[in-house]
Amino acid sequence: MLQFPSVFSIVRISVPSAFWEYGQLFFFYISIMASYIASYPVIEVDSPSLVMLLAVAEAGPDGLQKDAFDELMKSESLILPRIQDLVEGKLIYLENSKYRLLKRGRILAQFFMIYRKILREEEKGG
């Protein structure tokens, strides 16, 4: 059996000695991985909310003109990467210039519709 020293010399961290300590490490690891998985899409593709916030912030104290803001929101760079992700994820497909749901996409859409009904969210959005 592999033996570890009781304390890692470089970082001064004790090796877990009890079963519950391994459980804590497991839950810590799962939490870190879940955080990474949840935040990766924000890093991969520009978040519309983040783009809006940064545009207003960059405008400074004078603010951002509504026309410029509206033009920013029409930007294909905010929508096309998400459509491509849905296609690559096999949630939708393009047929005769129309996007259609695949079985996985239909299941996911139904899940979110049920979830919104549970929350009593009638309006579309966020």
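Taking label points 7 Å from Cα along the Cα-to-Cβ direction, Gln65 and Arg104 give a separation of 4.4 nm. Rounded if a/c is under 1.5, else prolate if a/b is larger than b/c, else oblate: which is the stretch 20-114, with a ≥ b ≥ c the root eigenvalues of its Cα gyration tensor? Verdict is oblate for the stretch 20-114. Under 5 Å between amide hydrogens, built in the peptide plane, is the criterion, and for Ser47 it picks out nothing among residues at least 5 positions away or on other chains. Net length available on complete extension from Val87 to Leu53 is 9.5 nm, with 0.36 nm assigned per residue and the Cα-Cα distance removed.
The numbers here are math on the coordinates, done by the rules we state, and not lab data. Just so it is clear, the model here is predicted, and its values are computed rather than measured. Neighbour counts are summed over all protein chains in view; Cβ atoms, including those assigned to glycine, are modelled from backbone coordinates with ideal geometry.
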